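Engineer: The structure that follows is given in the form of structure tokens.
Just so it is clear, none of the values below were taken in a lab; they were calculated from the coordinates. Since we're looking at a predicted model, the values are computed, not measured. Note: ideal-geometry Cβ built from the backbone for every residue, glycine included; neighbour counts use all protein chains shown.
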Amino acid sequence: MIQFHELRVGDIVLAEYEGQRKEGEIIELNREDKEVNVQTGEQDFWYSPKDLYSIPLDESQLTQFGFEKQAFASGEVKYLKGPFRILLSRDGDFSHFEMWYREDRRHITQPLSVHALQNHYHQMTKIDLARAGQPY
């Protein structure tokens, strides 16, 4: 379950319907009824936040957003998307890392979900983080 106040249009989440979870993009929020319209590859449908789940952030997710990977001999890994940077102290350790955009630096000390990264990215850059060519 994801808290309603964490969600924005454009966020990527897992939506559950009849026991099946499908990845989709939030296309509309109904703040009055606290419902979320999620578009999957097949359809769009209104969900309660209790039927939405976060997607853990990992390298494959960053790749889908167009991040490029740089590995260093020290074991650190940097992901780049324009001037936005994510620096992992150990390859694959998304539970403790640093991200920055210009002078805005943030230290993340717990696992982050895809929609939370999208929200950080938007707060820092004022640009939505979207997947290139995603058929939602």
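Engineer: Using a 10 Å cut-off around each Cβ, can you sort 44, 104 from fewest to most neighbouring Cβ atoms? Before the final figure, lay out the partial values.
Structural biologist: Details: 44 16, 104 12.
By the 10 Å Cβ count, ascending, the order reads 104, 44.
Engineer: At 222 nm, what helix-only mean residue ellipticity would the chain give, in deg cm²/dmol to the nearest 500, using -39500 (n - 2.57) for each DSSP H run of four or more?
Structural biologist: -3500 deg cm²/dmol
Engineer: Quick one: if you stick a label point 7 Å off each Cα along the C-beta vector at residue 27 and residue 107, how many nm between them?
Structural biologist: Calculated label separation equals 4.2 nm.
Engineer: Let me ask another. As a quick test, which of the pairs 34/81; 22/81; 22/69 have an alpha carbon distance above 29 angstrom in this structure?
Structural biologist: Correct reply: 34/81.
Engineer: Net charge around residue 68, counting only other residues with Cβ within less than 11 Å of its Cβ (Lys, Arg = +1; Asp, Glu = -1)?
Structural biologist: +4
Engineer: Nearest 10 degrees, 0 to 90: what angle lies between the long axis of helix 114-125 and the longest principal axis of the chain (Cα atoms)?
Structural biologist: Long axis of 114-125 versus the principal axis of the chain: about 70 degrees.
Engineer: Which order do the peptides 20-28, 91-99, 114-122 take when ranked by the mean count of other beta-carbon atoms within 10 Å per residue, highest first?
Structural biologist: Taking the mean over residues of other Cβ atoms within 10 Å, the ranking is 114-122, 20-28, 91-99.
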